[in-house]
1. Against the definition (within 16 Å of ligand 2 (Cβ to nearest atom), touching an Asp or Glu at 6+ places or on another chain (Cβ under 8 Å) and not hydroxyl-bearing (Ser, Thr, Tyr)), how does Gly148 come out, yes or no?
2. I'm trying to understand the selection: among the residues of the stretch 85-119, which are touching a residue at least 60 places away in the same chain (Cβ under 8 Å) and not small (Gly, Ala, Ser)?
3. Somewhere in the stretch 89-105, is a residue more than 16 Å from ligand 2 (Cβ to nearest atom) and within 16 Å of Val150 (Cα to Cα)?
4. Give me a count of the residues in the stretch 159-193 that are in a helix (DSSP H, G or I), over 14 Å from Ile125 (Cα atoms) and of a type in the set (Gly, Ala, Ser).
5. Scan the stretch 262-281 and report the pairs whose first residue is under 20 Å from His217 (Cβ atoms) and whose second residue is among the aromatic types (Phe, Trp, Tyr), with Cβ atoms within less than 8 Å and a gap of 6+ or a chain change.
6. Return yes or no: is Ser241 modelled with pLDDT of 90 or more and among the small types (Gly, Ala, Ser)?
7. Has the stretch 151-158 got any residue that is part of a strand (DSSP E or B), under 26 Å from Gly25 (Cα atoms) and touching a residue at least 12 places away in the same chain (Cβ under 8 Å)?
8. Consider Arg294 against the criteria (1) closer than 22 Å to Tyr85 by Cβ; (2) away from ligand 1 (no atom under 16 Å from the Cβ); (3) in a loop (DSSP other than H, G, I, E, B): it satisfies all of them except one. Which criterion is unmet?
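The values are calculated or read from the model by the stated rules, or taken from the named source; none is laboratory data. Please read all numbers here as calculations on a predicted model, not as lab measurements. In this analysis, Cβ positions are derived from the backbone assuming ideal geometry, glycine residues included, and neighbour counts consider all displayed protein chains.
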Amino acid sequence: MNADAGMEPPADDYVRVIEVGPRDGLQNEAAQVPTAVKVELIERLSACGLPVIEATSFVSPKWVPQLADADEMLPAVHRRLGVEYPVLVPNLPGLHRAIAAGADCIAVFTAASDAFNRKNINCDIEKSLIRLTPVVEEALARGVRVRGYVSCVLGCPYQGEVAVADVVRVSKALAALGCEEISLGDTIGVGTPSKARAMLRAVAGDVPLAELAVHFHDTRGQALANIYASLEVGVRRVDASVAGLGGCPYAAGASGNVATEDLIYMLHGMGMRTGVDLDQLVDTARWINHKLKRQPASRLARIPIRKNVEQGI
Ligand code: HMG
Ligand code: MG
């Protein structure tokens, strides 16, 4: 892929927001969240107009007990036409469980750091790609679409610095396997805009920019700034988590993704289209915060009077 072609920004002002709260958010909750609450959260999010909602994960329940109910939870969701519901899958048993539960889109995952992968999936980068090869092959053969995640693209909690060349290599490998979209994860929120921009430009030299998504955890308050920089580079797919829920259970110090409602507020303010009803989304953020008995992590959900939000006060 020619680097200049990869850098061509899409003319479109539409940003595809990928909601990951039900998976990336709820996988990290200390208390067990009832299955019915998970189902209702997903249904409320789809009613807000979100086009993609990552619903759950089919990883080992020994590793992530919080999502051990995936087999019952996914079939219970009333799915909206036109909305995608990807689920996280680490291996072939996970794929088979996901398909049995009715998944038609999966997300496979690895990292640009061997050290992180050993903690998160119990193998290094190369073994993870070998493990994922038959997963992607079988998924595609059965008409299941595949998204790919690369974690630790701007730093690793165990290794420290991560070479951009490793991010490019792993992204390219996932794309070559058949992933139609590559989500680049700043798992522990260490990135800053100039670093994010440089990383994206490097990856876009080998994977078309239109196929790249960004996934910023907001641990150090840099997520929106990093997303703004990514939009300037031309990225139009952004992962986010309602109410800023979450973190990765195997990334020490990770906090939630950028809050979806804060992201939508920024995008609409920039004149970008998302198809999301912001008021309804803020209500959903407040609802899940109430269910989880926690204070909102997002700025928008903390503002008491909706009228003021709309007026920008
Ligand atoms: P392992 O222990 O090496 O695997 O784990 P194993 O094959 O030896 O299996 C161990 C046990 O788990 C066996 O059971 C398997 O049957 C069972 P036992 O014989 O002991 O009774 N098992 C399964 N059961 C159900 N479904 C499965 C499954 N697989 C194995 N799919 C493995 C390897 C990959 C399975 C494990 O390490 C794992 O599940 N890791 C997932 C960790 C995780 O979910 N982390 C969070 C998601 S990643 C993330 O959040 C980052 C992201 O948001 C992007 C970013 O922010 O950067 C995506
Ligand atoms: Mg994440």
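1. Taking the combined requirement at face value, the residue satisfies it.
2. Pro86, Val87, Leu88, Val108, Thr110, Phe116, Lys119, listed by residue number.
3. yes
4. Residues flagged as in a helix (DSSP H, G or I), over 14 Å from Ile125 (Cα atoms) and of a type in the set (Gly, Ala, Ser) within the stretch 159-193 amount to 2.
5. Met266/Tyr228
6. When the stated conditions are applied, Ser241 passes them.
7. For the stretch 151-158, residues part of a strand (DSSP E or B), under 26 Å from Gly25 (Cα atoms) and touching a residue at least 12 places away in the same chain (Cβ under 8 Å): present.
8. Arg294 satisfies all of (1) closer than 22 Å to Tyr85 by Cβ; (2) away from ligand 1 (no atom under 16 Å from the Cβ); (3) in a loop (DSSP other than H, G, I, E, B) except (1).
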